[in-house]
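The values are calculated or read from the model by the stated rules, or taken from the named source; none is laboratory data. Every value quoted in this text rests on a predicted model; they were computed, and no experiment measured them. Positions of Cβ are backbone-derived with ideal geometry, glycine not excepted, and every protein chain shown enters the neighbour counts.
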Amino acid sequence: MTPTTPRTDDFRLERNGDAVTVVFTRTGAAFTFPLGPDGTISAPQVVAPATASPDYDEAEVRRTATELARLAVQGGPPAD
């Protein structure tokens, strides 16, 4: 079976002081991205999924969470 691609509305974003947390609501996995003083995001601290879901590729979930956090902080496409 091919994994389901996560949709942006499968995620919830939260701002916690100097961090952005992206929660994948389908499983409860949470990715907390610390913000640098220059507004960049650092590698996330990951809370494992509360519910296992073989329907989703974890690497794709992480990539989508990272992109959503980046967009929330920087508001546009990555700089080249």
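Give me a count of the residues in segment 24-38 that are touching a residue at least 12 places away in the same chain (Cβ under 8 Å) and farther than 14 Å from Ala59 by Cα. Reasoning before the result, please.
Of all residues in segment 24-38, those touching a residue at least 12 places away in the same chain (Cβ under 8 Å) come to 24-35.
Now drop any that are not farther than 14 Å from Ala59 by Cα, which leaves 25-26, 28, 32-35.
Counting residues in segment 24-38 that are touching a residue at least 12 places away in the same chain (Cβ under 8 Å) and farther than 14 Å from Ala59 by Cα gives 7.
Give all pairs with beta carbons closer than 6 Å in which a residue from segment 39-56 that is touching a residue at least 24 places away in the same chain (Cβ under 8 Å) and within 12 Å of Val23 (Cα to Cα) meets a residue that is of a type in the set (S, T, N, Q) and outside any strand (DSSP E or B); count only pairs at least 6 apart in sequence or on separate chains.
Pro49/Thr27
Right, Thr66: polar (S, T, N, Q), surrounded by 13 or more Cβ atoms within 10 Å (Cβ to Cβ) and farther than 20 Å from Thr2 by Cα or not?
So Thr66 passes the test.
Kindly list, by first and then second residue, each pair from a residue in segment 1-21 that is at pLDDT 90 or above to a residue that is surrounded by 10 or more Cβ atoms within 10 Å (Cβ to Cβ) and of a type in the set (S, T, N, Q), limited to pairs with Cβ atoms under 6 Å and residues at least 6 apart or on different chains.
Once the first residue is at pLDDT 90 or above and sits in segment 1-21, its partners that are surrounded by 10 or more Cβ atoms within 10 Å (Cβ to Cβ) and of a type in the set (S, T, N, Q) give Asp10/Thr25; Arg12/Thr25; Glu14/Thr21; Ala19/Thr32; Thr21/Thr32.
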